[in-house]
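The values are calculated or read from the model by the stated rules, or taken from the named source; none is laboratory data. Just so we're clear, the structure is a prediction, and the values are computed from it rather than from any experiment. Using ideal geometry, Cβ is built from the backbone for each residue, glycine included, and neighbour counts are taken over all protein chains shown.
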Ligand code: SAH
């Protein structure tokens, strides 16, 4: 008697609970979508970046999936965030700015040095044919690979290794983006840039760096500083700064 009376009540309770969880999850996803839209509008477009492909890519790629769970609620704030191994995911505006500076075409082959979370690679993969990316920390490279696989990116190739030397096998690259800072521009990266290729790279000591844009024309390199920045240092396998 007792059980019979309680069964429909229990069933109703379970159904209400399941339903509310579903609603909760949809609201959560929609919330991130809304935050992403606002991020693109206020942090990127209002600051003068109007390349539609970049804006669309940044509206699409779920940045919260690339940061540790603890920081997910801050994923769409105007700031870099900590990731594992004491590294950082760059501020959204810097990701947009560097991508814009590369003046990418859909058929371009791009090399990134410093995979980190994999977020910048995902943005590049939305815009270009093929993205090669190198990360020195195995744990970060593997984690980025898992996230990018979950999001179904098939045009991103990750290598664990020292990006100072580039990735000769797949060179030359139409564009190279470096997201860790050496004190001098690595020669192998200059060499692996194609004719007409562009490279964006932060250069300098840990406290003061400038973002340098390099273009290769008729085999010659032309460079100019575009923005003061602060990136994590480029290191070798022993952890020493370049
Ligand atoms: N592009 C990343 C930001 C990464 S921060 C993102 O979207 O999240 C810079 C990254 O460069 C760190 O993960 C760091 O481990 C890596 N790094 C530093 N020196 C490196 C080197 N010599 N080769 C490859 N990666 C390097």
Can you run down the residue pairs with Cβ atoms below 7 Å, 6 or more apart or on separate chains, where the first is in region 231-242 and closer than 18 Å to residue 82 by Cβ and the partner is near the ligand (Cβ under 8 Å from one of its atoms)? 231/179; 231/180; 232/87; 232/88; 232/180; 233/180; 235/136; 235/242
Across (1) modelled with pLDDT of 95 or more; (2) surrounded by fewer than 18 Cβ atoms within 10 Å (Cβ to Cβ), residue 199 clears everything bar (2)
Taking region 40-56 and keeping residues in a helix (DSSP H, G or I) and within 15 Å of residue 124 (Cβ to Cβ) leaves 53, 54, 55, 56
Anything in region 136-157 that is under 22 Å from residue 96 (Cβ atoms) and touching a strand residue (DSSP E or B) at 6+ places or on another chain (Cβ under 6 Å)? List them, or say none. 148, 155, 156
Here are the criteria: (1) within 15 Å of the ligand (Cβ to nearest atom); (2) more than 20 Å from residue 166 (Cα to Cα); (3) surrounded by 15 or more Cβ atoms within 10 Å (Cβ to Cβ). Tell me which single one residue 210 does not satisfy. (1)
Any chance residue 182 is more than 25 Å from residue 81 (Cα to Cα) and touching a helix residue (DSSP H, G or I) at 6+ places or on another chain (Cβ under 9 Å): no
Can you confirm whether residue 221 is in a strand (DSSP E or B) and surrounded by 15 or more Cβ atoms within 10 Å (Cβ to Cβ)? no
Return the residues of region 67-124 that are on the phi > 0 side of the Ramachandran plot and more than 13 Å from the chain's Cα centre (by Cα); say none if nothing qualifies. 85, 86, 103
Against the definition (more than 14 Å from the ligand (Cβ to nearest atom), under 18 Å from the mean Cα position of the chain (by Cα) and farther than 17 Å from residue 114 by Cα), how does residue 169 come out, yes or no? no
Could you check, for region 10-32, whether at least one of its residues is at pLDDT 95 or above and surrounded by 11 or more Cβ atoms within 10 Å (Cβ to Cβ)? yes
Residues that are touching a residue at least 24 places away in the same chain (Cβ under 8 Å) and touching a helix residue (DSSP H, G or I) at 6+ places or on another chain (Cβ under 7 Å): does region 215-224 have at least one? yes
Out of the residues in region 194-218 that are assigned to a strand (DSSP E or B) and over 21 Å from the mean Cα position of the chain (by Cα), which is farthest from residue 110 (Cα to Cα)? 204
